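Asker: Here's a structure for you.
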Amino acid sequence: MLKKIFLPVFLLILLIDLFAIYTGNITVQFIVKPMILGSLIFFFLVRSYGKDKMIRSYLLAGLFFSLTGDILLMFDSDPRFFLFGLSAFLIAHICYIILFSSLRNKERLGINAWNFIPVAIYYAALAFTLYPFLGEMRLPVLVYGSVISIMFVLALHMTSMVYREAGKWMAIGAAFFVLSDSLLAFNKFYQSFPFAGILIMLTYAAAQYGIVKGVLSYLAEKENDRI
């Protein structure tokens, strides 16, 4: 039952938040934005109950710190809160790195050097574009960019798993995360653009949903293999 109703409810919450961004309704944004990750955390807690505790705990930690980052970034007009939010998301990505590394070890996947090349080129191009405009945020932003790039490379390795569907969703989620953070950085530091808030939130929600769906798919398929 929960599986059937979750996606419509999740999309409804997201649409309300996107409409609040479009209309500039800060009050509704403050109420609804945390519900996006909150609903995902609840869904994952219920659907993953009793399954691989280590994988479950890594993803839950990533989601928790992401939710913390969401809340802190709602006050990003204060540079300190932007830095705190960035730090929370940095920890979230470290949790995702540990998650994908654990999955890679469990599934005995080798290192695919080809996964590094496009990610490194993309990160270098983005960093080169933004660097002159970062000011005092240069070091935090560059460190954050390096960490999310590592996360993305490891997520791309998930597509080599036997459980292809699960790996595909994890890689798609990670790709949307990179896109969302790139849009945020471009809009904040380089040049603002129309509908930035909507595009950032839309890609961010897709990112978190993709990672959660991928991990749930992995846990379900792994359990079926043991039956």
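The values are calculated or read from the model by the stated rules, or taken from the named source; none is laboratory data. Nothing here was measured: the structure is a model prediction, and the numbers come from that model. The area values use the complete protein model at the heavy-atom level, side chains included, leaving out ligands, DNA and RNA. Shrake-Rupley method; radii C 1.70, N 1.55, O 1.52, S 1.80 Å.
Asker: Any lysines with Cα under 26 Å of the LYS33 Cα? List them, leaving off those in the same chain fewer than 8 positions away.
Answerer: LYS3, LYS4, LYS188, LYS213
Asker: Beyond 20 Å, what share of the Cα-Cα pairs of segment 1-61 remains, rounded to the nearest whole percent? Display every interim value, and only then the final one.
Answerer: Details: 711 of 1830 pairs.
When every Cα pair of segment 1-61 is considered, 39 percent fall beyond 20 Å.
Asker: Let me ask you something else. Given the Cα-Cα distance of LYS53 and GLU136 and 0.36 nm per residue of separation, how much length would full extension add, in nm?
Answerer: Separation in residues times 0.36 nm, less the Cα-Cα distance, equals 25.9 nm.
Asker: Of all the accessible heavy-atom surface of segment 58-208, with the other protein chains kept in place and a 1.4 Å probe, what percent is carbon and sulfur?
Answerer: Values: 5270 of 7340 Å².
Accessible surface attributable to carbon and sulfur in segment 58-208 totals 72 percent.
Asker: Then there's this: P(r) for segment 132-227: what percent of alpha-carbon pairs falls in each 5 Å bin, starting at zero?
Answerer: So the P(r) values, bin by bin, are 3, 14, 19, 18, 16, 12, 8, 5, 3, 1, 1, 0.
Asker: In square nanometres, what is the average projected area of the Cα convex hull of the chain?
Answerer: Details: hull surface 49.5 nm².
Convex hull of Cα atoms, orientation-averaged projection: 12.4 nm².
Asker: If we restrict to alpha carbons, what Rg and Dmax does segment 86-173 come to, in Å?
Answerer: For segment 86-173, the Cα-based Rg and Dmax read 14.2, 45 Å.
Asker: Would you kindly compute the Cα radius of gyration of segment 126-188 and its largest Cα-Cα separation (Dmax), both in Å?
Answerer: So, for segment 126-188, Rg and Dmax equal 13.9, 45 Å respectively.
Asker: If contacts are Cα pairs under 8 angstrom and at least 6 residues apart, what is the relative contact order of the chain in percent?
Answerer: About 19 percent, as a whole number.
Asker: At 0.36 nm per residue, minus the direct Cα-Cα distance, what do THR129 and SER192 gain on full extension? Give it in nm, one decimal, please. Mind showing how you got there, number by number?
Answerer: Working: separation 63, 0.36 × 63 = 22.68 nm, distance 1.42 nm.
Gain in length upon complete extension: 21.3 nm.
Asker: What is the projected area of the convex hull of the Cα atoms of segment 4-113, averaged over all directions, in nm²?
Answerer: Values: hull surface 35.9 nm².
The orientation-averaged projected area of the Cα hull of segment 4-113 comes to 9.0 nm².
Asker: Quick one, what does Rg over Rh come out to for segment 113-152 if you take C-alpha atoms and the Kirkwood Rh? Don't jump to the answer; show the numbers that get you there.
Answerer: Working: Rg = 10.6 Å, Rh = 10.5 Å.
Result: Rg/Rh = 1.01.
Asker: Just the number please: accessible area per residue for the chain, 1.4 Å probe, all protein chains included, in Å². Could the numbers behind the result be given before it?
Answerer: On the way: 11820 Å² over 227 residues.
Heavy-atom SASA per residue in the chain reads 52 Å².
Asker: Follow-up question, since we're still on this one. Just to be sure I understand the curve: with the Debye formula and one point per C-alpha of segment 30-84, what is log10 I(q)/I(0) at q = 0.15, 0.22, 0.26 Å⁻¹?
Answerer: Calculated log10 I(q)/I(0) at the listed q: -0.49, -0.81, -0.96.
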